Each structure stands twice: as C-alpha cells, then as structure tokens.
1. Could you size up the charge dipole of the chain around its Cα centre, putting +1 on the beta carbon of Lys and Arg and -1 on that of Asp and Glu, and report it in debye to the nearest 20?
2. Sorted by packing (mean other beta-carbon atoms within 10 Å per residue), highest first, where do 96-107, 200-211, 178-189 land?
3. For the range 17-99, what is the Kirkwood estimate of the hydrodynamic radius, computed as the reciprocal of the mean inverse distance between distinct Cα atoms, to one decimal in Å?
4. So, in nm, how far is label L137 from label T2 when the simple model puts each one 7 Å beyond its Cα toward the Cβ?
5. With each pseudo-label sitting 7 Å past Cα toward Cβ, what's the I68-I281 distance in nm, one decimal?
6. Can you compute the label reach from T201? Point 7 Å from Cα along the Cβ direction, backbone N cut-off under 20 Å, restricted to the range 19-63.
7. To make sure I understand, if each residue's beta carbon is the centre and we count other beta carbons within 10 Å, what order do F33, F27 fall in, fewest to most?
8. In bins 10 Å wide, starting from 0, what share of all Cα pairs of the range 28-296 does each bin hold, as a percent?
Amino acid sequence: MTASATLGQARHTLAGVLMIALSASAFGAMAIFARYAYAAGADVYGLLAVRFVLAAIAMAVVMRTRGIRLPPWRRVLALAAMGGIGYVSQSYCFFTALNYAQASLVALLLYLYPLFVTILAAIFLKERLTNAAVIALVLCSVGAGLTVGGGEGSPLGIALGVAAAVIYSIYIVVGARVTAGVNAIATTTVICTAAALVYVTVGILRTGAGVPPQFPGDAGGWLALIAIALVSTVLAILTFFAGLQRLGASRASMLSTLEPVVTVLLAAMLLGEHIGATQAIGGGLILAGVLWLTRRASGTPQVDARSDT
C-alpha cells in the first residue's frame with residue numbers, strides 16, 4: 001500500500017471515528033435536552049409527539065434527497081409495528097424514567113441493553129453464550145447494582161430505566177430479522193413515522209379526555225425539544241450510519257459506549273447531578289462489560305435502525 005493510500009485510509013478511519021463520536025454525543029445529550037423541556041412545562045406525551053413528527057419529516061426529506069425508496073409494503077408494515085409498538089414503548093419508559101431518576105442513572109441503566117440482547121439471542125436465536133458473554137454478565141450485573149445503589153432515583157424510575165433497556169433489547173433482536181436487506185435510512189424513516197402516528201393519536205385521545213399533551217411554555221424549552229428531534233435523533237442516526245460504513249459494526253459499537261459517558265458528564269455540569277464514587281464504579285463496570293462483550297463476542301444481532309431512545 002502506497003503512502004498516499006495509507007494516508008487516505010487513515011483519514012477515512014478518522015472521519016468514521018469522529019462521526020461515531022458525534023453520534024454518541026448527540027444521543028448522550030438527549031436526556032439533558034429532555035430535562036430542560038420538562039422544566040419548561042412539557043410532558044412526556046407532548047415531547048415525544050413533537051420529537052417523532054419532526055424526526056419523521058426530516059428523515060423523509062433525507063430519503064427523497066438521496067433517492068431512497070421504501071421497501072415492499074409487507075416489510076413496511078413489519079417495520080411500522082417495530083416503531084409503533086417497540087420504539088414507542090421503549091421511548092416512553094426512558095423519557096418517563098427521567099422524571100423519577102437522575103439522567104445519569106437512567107442513561108447507565110439503558111446501556112445494559114447489549115447484555116440483554118446477548119441473553120435474548122442465546123435463548124430465542126439459539127446463539128452460543130460465550131465466555132465473553134458470561135464475563136460481561138458478571139461485570140454488568142455488579143455494575144448495575146452499584147449504579148442503582150449509588151444513584152438517586154425512585155424505585156419507579158429505576159424500574160422504568162431497566163424496562164427501557166429490556167424493551168430495546170427485544171426491539172434489536174426482532175429488528176435483526178425484520179430489517180435484513182432494508183436500507184437503514186428507509187428503516188429509520190418508517191419506524192419514526194409509525195411512532196409519530198401513535199403519539200399523535202394518543203395526544204388526540206388524551207385531549208378528548210380532557211388531559212391534553214403539555215408543550216414547553218418558553219422558547220428555551222422549545223429549542224430543547226427541537227434539539228431532541230433534529231440533533232439527538234436525526235443527526236445522531238445519520239452520523240452513526242456514516243461512521244458505521246467507515247468503521248464496521250464492531251468498532252462503531254465500541255465507540256458508541258461514549259454515549260452514557262456524555263450523559264453523565266453533561267448531567268453533572270449542566271444539571272448539577274452528583275456522581276458518587278459508588279455510581280462511578282458501577283457505571284465503569286457496566287461500560288467495561290459492554291466493551292468486553294463488543295470486543296470479544298461476534299454474532300450478536302445488529303439492528304439497522306440505530307435509535308437508542
């Protein structure tokens with residue numbers, strides 16, 4: 001390989017690393033934006049309705065600009081079910097948990113999902129449970145215990161955080177089959193559109209029942225809400241896929257562990273959340289388990305629609 005080719009490859013890899021880092025940072029900031037939107041008067045229904053409507057519109061524009069077509073309608077219906085059931089349930093649990101627990105605690109609990117994916121794949125897809133998976137199970141289990149013990153949150157918040165991780169794990173295992181062979185941008189567009197339709201319908205029904213969705217009462221809250229849709233959803237997904245193409249699934253997944261680190265740091269700096277030694281050690285063990293699993297385990301299903309929360 002010539003020097004120029006080597007330099008070109010290095011730049012290609014560096015671009016991939018920067019894109020995954022940007023994606024992880026954008027995803028990691030989502031919980032912080034949510035806290036600002038809630039403080040401005042939004043509730044989970046209003047927040048998620050606006051998030052998915054804006055994200056669906058933006059992704060549809062990206063599809064049209066790139067000339068990407070929808071998959072066959074039978075596949076569209078399957079993807080819509082993933083979005084309307086799996087993604088809606090996961091996002092509801094995650095964003096509701098933020099009302100009952102520290103943003104840093106919720107983010108770390110969500111990052112148990114790679115471990116749950118491995119366990120579910122072993123049970124339902126008959127994939128071999130490797131030594132790496134067992135080691136990761138021990139690290140993540142101990143880490144989760146320390147994180148919960150050292151963090152601040154009600155039992156409901158902790159339960160919702162774990163539920164978000166479990167639901168997302170099921171979403172990934174199902175998605176490994178449903179999304180096979182479908183363009184990732186088209187997949188994400190259909191899933192976001194389905195989630196938007198569900199939340200808009202729920203909003204209409206709640207309005208009819210006299211409990212309409214609540215939206216931010218000031219410009220700062222609306223900016224936070226728009227940032228959730230355009231920065232922490234659309235930009236985060238597009239940069240992840242761009243980085244994925246340059247680095248491959250394994251390295252992209254390992255770099256994505258930056259996401260909860262960003263949440264923890266931003267929560268400490270902007271929300272004044274205290275990160276105790278016990279929680280820091282627990283979070284470190286969870287990340288260590290995820291990194292070990294990602295580095296050593298091969299064959300864990302990957303979903304084409306990168307949409308953490």
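Rule-based calculations on the coordinates, nothing more; no lab input. Note that the coordinates shown come from a computational prediction; the quantities given were computed from them, not determined experimentally. Cβ placement follows ideal geometry from the backbone for every residue including glycine, while neighbour counts extend to all protein chains displayed.
1. On the way: 17 positive and 8 negative charges, 217 e Å.
Dipole size: approximately 1040 debye.
2. Details: 96-107: 25.4, 200-211: 12.3, 178-189: 20.7.
So the peptides 96-107, 200-211, 178-189, ranked by packing, come out 96-107, 178-189, 200-211.
3. On the way: mean 1/r = 0.0675 Å⁻¹.
Taking every pair of different Cα atoms in the range 17-99, averaging 1/r and inverting gives 14.8 Å.
4. Spacing of the two 7 Å Cα→Cβ label points: 5.3 nm.
5. Between I68 and I281, the simple spin-label model gives 4.4 nm.
6. 44-57
7. Values: F33 23, F27 28.
Fewest-to-most Cβ neighbours within 10 Å comes out as F33, F27.
8. 7, 28, 37, 23, 5, 0
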